[in-house]
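The values are calculated or read from the model by the stated rules, or taken from the named source; none is laboratory data. The model shown is predicted, which means the values in this text are computed figures rather than measured ones. FYI the Cβ positions are ideal-geometry reconstructions off the backbone, even for glycines, and counts take in every protein chain you see.
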There are 2 protein chains.
Amino acid sequence: MDDRIREHAEVLVDWSARIEEGDDVVMAVSPGAHELAVATAKLLGERGANLVTTRASGEITRAYLRAHDDEFDPDPAHELALYENANVYLSLRGGHNTAATADVPAERRQAHARATEGVREARMDTDWVSTVHPTRSLAQQAGMAYEEYQEFVYNAVLRDWESLAEEMDRMKGLLDEGSEVRLVSANTDLTMSIEGRTAVNSCASVAYDSHNLPSGEVFTAPYDTSGHVEFDVPMTIHGKRVRDVSLTFEDGEVVEYDAAQNADVIGDVLDTDEGARRLGELGIGMNRGIDRYTDNILFDEKMGDTVHLALGRAYDANLPEGEAGNDSAVHVDLITSVGGDSRLEIDGEVVQRDGQFRWEDGFEN
Amino acid sequence: MDDRIREHAEVLVDWSARIEEGDDVVMAVSPGAHELAVATAKLLGERGANLVTTRASGEITRAYLRAHDDEFDPDPAHELALYENANVYLSLRGGHNTAATADVPAERRQAHARATEGVREARMDTDWVSTVHPTRSLAQQAGMAYEEYQEFVYNAVLRDWESLAEEMDRMKGLLDEGSEVRLVSANTDLTMSIEGRTAVNSCASVAYDSHNLPSGEVFTAPYDTSGHVEFDVPMTIHGKRVRDVSLTFEDGEVVEYDAAQNADVIGDVLDTDEGARRLGELGIGMNRGIDRYTDNILFDEKMGDTVHLALGRAYDANLPEGEAGNDSAVHVDLITSVGGDSRLEIDGEVVQRDGQFRWEDGFEN
């Protein structure tokens, strides 16, 4: 077995999920993630955890959902009981076809998701972690050769997470103390309030309330946005490729939008509801192991030298206890690179210039 | 998809497991059984059942068990809750290597089995069915080409179960009314009492308390055995090949044994405990779709024109309520062919001669 698979399993079990003796673990394995599952099972055995392995197959899901009608039993007892009694849920993704469920009608999918809301909540109440095993199918989606993609994934996953977490804590500290963020680059000059909001240090560990491996971003929930921003990282939104999205904000709301490709997709997003016209997230990508776009949000938004903003729903973790943030049915991330001629200011002080953070060598104030 | 896979799924869902709307189903899928799982999931969707899919991988189990120590938590809460809340358990077997767990120490395996006895009981309390998807690994074990093995499996599985169940019911009726069974062939003349015992019509359906697909045997629990029997079907017992086993019984107990190969294995079985020297089962193979030995007890003991006897434990289903049958830590099946010059008598009346049952054309009394 590739040593990197073993190391990936170690990061997953020890850094991300913090497995302890006696933990009741559900490990969901996609068809292409078998080797990572074997490496993970070995560590779960060593740690003395208890293991139930489920099969997360798009083809099985497709066959089941297409054959079913739109009336699903609410929260089946056996599935609910499994997750309500689990401490940890590990999702090992990586299939053989990213479009395996492409012909399941959206309404069917939504009806099933609504009926099993309680199951999903029970799963999210565990110390859950979602990660990706590099498969040929995912390499294809990223437009990369298989070995090239393996290197890409392991560069992103096999970080020195402890030291990255410390570095990200600096950024969190600056955001927590700050009142206003300003992002400036060639075609962007945007100002957001973050007063009273708490940043999350998302460093790929349940100990930090971070549930994706890889991760590597610090995010908060901005408001009162004004100015203009252009997103130069291409994205796939609702199945369509959008490029060079630009947004103009006044009093916290989008008042103008455009895109070089599929601008109507952005229009549809903005029309979802009132909250969809406001920002729900400002995220600062700090994982320098991710150095290219692969059209996979799990990686793209964590990329070093990028900042992302999400239209729509804000996360509770960023809000003072009891305070409601921006609410919406959508949360659509858009990414802009800040590696070149750019600066990120907090209360007038530059914290990142041309991609360099203020604590890094080469930072010019 | 091969039509036979769809038909296999239909037999499994409708004849064997009798799936109904709202059933909470756990489907355990071995790594090679994916296609059967997809076909089964489709039918579960059509029937309106609720599905949790688990992954039954020998390699994952091996990694986990080898890494774990000998102290296992008793009946992990999440696993127990899953099965306690399930109505149906479908085991779709068929891996890529029948020896996938060969290097797991036996004590480790036993320690785990002991600790999870409650989980196993909860699983057996459901309407469970175990079946096999033909894989290359199983073809290899059977010494057959892949396509040849597929035909073999589907011949065994895709029967007219309803009419076979009726035919088997005739045999059950004869055994239930009978007091004494005598088996006579070239080197065999054996007499057993079956007075007061109830035969089971094992026709591959939970409606008949039969949990294997394929099945196709009628079995009861004999006692007071006397005489001599030779088993001409080769078997693998405790990992060793045994051939031409012969047993001599007096007053219900084995007093002499021999075999043309690995006779010591039979000696070890007989020495296990007192019950291991007595019979626990007399089974009559009635599945004519199975026409050759494949060294897989799931198929071999159901084969038409064979009778099998098991040393050791008797099944409760054959015993009057509250009566204890032969007890032992082992239950070792041995098979003899009755297609040639042979007869099976119940209370002096021939019910099967040279392989023909008394209700079949060509039967000669």
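See the values below:
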read-out: Options B:ARG47, B:ARG123; residue that is modelled with pLDDT of 95 or more and more than 19 Å from A:LEU82 (Cβ to Cβ); value: B:ARG47
read-out: Which numbered condition A:VAL206 misses (of (1) in contact with a Leu (Cβ under 9 Å, 6 or more places away or on another chain); (2) surrounded by fewer than 23 Cβ atoms within 10 Å (Cβ to Cβ)); value: (1)
read-out: Test: residue in the range A:290-310 that is out of contact with any Ser or Thr (no Cβ under 8 Å at 6 or more places or on another chain) and free of Cβ contacts under 8 Å to residues at least 24 places away in the same chain; value: no
read-out: Residues of the range A:174-223 satisfying the condition of being within 13 Å of A:TRP161 (Cβ to Cβ) and β-branched (Val, Ile, Thr); value: A:VAL206
read-out: Selection status of A:VAL181, closer than 30 Å to A:ASP14 by Cβ, touching a helix residue (DSSP H, G or I) at 6+ places or on another chain (Cβ under 9 Å) and buried (at least 22 other Cβ atoms within 10 Å of the Cβ); value: no
read-out: Flag if A:HIS96 is of a type outside the set (A, V, I, L, M, F, W, C) and surrounded by fewer than 21 Cβ atoms within 10 Å (Cβ to Cβ); value: yes
read-out: Set A:LEU309, A:LEU298: member being in the same structural domain as A:ASP232 (by TED's automatic domain parsing), at pLDDT 90 or above and outside any loop (DSSP other than H, G, I, E, B); value: A:LEU309
read-out: Inter-residue pairs, beta-carbon under 6 Å, first within 20 Å of B:ARG277 (Cβ to Cβ) and in the same structural domain as B:ALA221 (by TED's automatic domain parsing) and in the range B:322-348, second crowded, with 21+ Cβ neighbours inside 10 Å and hydroxyl-bearing (Ser, Thr, Tyr), 6+ apart; value: B:ILE335/B:THR306
read-out: Among (1) within 21 Å of the chain's Cα centre (by Cα); (2) closer than 29 Å to A:LEU174 by Cα - the single one A:ASP295 does not satisfy; value: (2)
read-out: Failed item in (1) among the aromatic types (Phe, Trp, Tyr); (2) over 20 Å from the mean Cα position of the chain (by Cα); (3) farther than 24 Å from A:ALA39 by Cβ, with B:TYR64 passing the rest; value: (3)
read-out: Any helices (runs of 4 or more DSSP H) falling wholly within the range B:52-142 and containing at least 3 residues that are closer than 27 Å to B:GLY216 by Cβ; value: B:117-124, B:136-142
read-out: Where B:ALA28 falls short, out of the listed (1) part of a strand (DSSP E or B); (2) at positive phi; value: (2)
read-out: Total residues in the range A:178-201, condition of a type outside the set (D, E, K, R) and either free of Cβ contacts under 8 Å to residues at least 40 places away in the same chain or not assigned by TED's automatic domain parsing to the domain that holds A:ALA165 (or both); value: 3
read-out: All positions within the range A:85-144 that are charged (D, E, K, R) and touching a Phe, Trp or Tyr at 6+ places or on another chain (Cβ under 6 Å); value: A:ARG123, A:ARG136
read-out: Selection status of B:MET286, at pLDDT 95 or above and either out of contact with any Phe, Trp or Tyr (no Cβ under 7 Å at 6 or more places or on another chain) or of a type in the set (A, V, I, L, M) (or both); value: yes
read-out: Per-region count, the range A:168-188, residues in a helix (DSSP H, G or I) and not acidic (Asp, Glu); value: 7
read-out: All positions within the range B:70-83 that are facing chain A (nearest Cβ under 7 Å) and surrounded by fewer than 20 Cβ atoms within 10 Å (Cβ to Cβ); value: B:ASP73, B:ALA77
read-out: Residue match in the range B:103-116 (condition: crowded, with 16+ Cβ neighbours inside 10 Å, away from chain A (no Cβ under 12 Å) and of a type in the set (Ser, Thr, Tyr)); value: no
read-out: Residue that is farthest from the other protein chains (Cβ to nearest Cβ) [pool: residues in the range A:44-69 that are buried (at least 20 other Cβ atoms within 10 Å of the Cβ) and more than 30 Å from B:GLU10 (Cα to Cα)]; value: A:ALA49
read-out: Spans of strands (runs of 3 or more DSSP E) in the range A:210-262 with at least 1 residues under 30 Å from A:THR126 (Cβ atoms); value: A:217-220, A:235-237
read-out: Residues of the range A:18-33 that turn out to be touching a residue at least 40 places away in the same chain (Cβ under 8 Å) and either farther than 13 Å from B:ASP73 by Cα or within 7 Å of another protein chain (Cβ to nearest Cβ) (or both), as a count; value: 11
read-out: Residue in the range A:258-269 that is farther than 21 Å from A:ALA142 by Cβ, free of Cβ contacts under 8 Å to residues at least 12 places away in the same chain and not hydrophobic (A, V, I, L, M, F, W, C) present; value: yes
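Table: residues versus (1) within 21 Å of B:ALA156 (Cβ to Cβ); (2) without any contact (Cβ under 8 Å) to a residue 24 or more places away in the chain.
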residue	(1), (2)
B:MET1	yes, no
B:GLY45	no, yes
B:LEU51	no, no
B:ALA77	no, yes
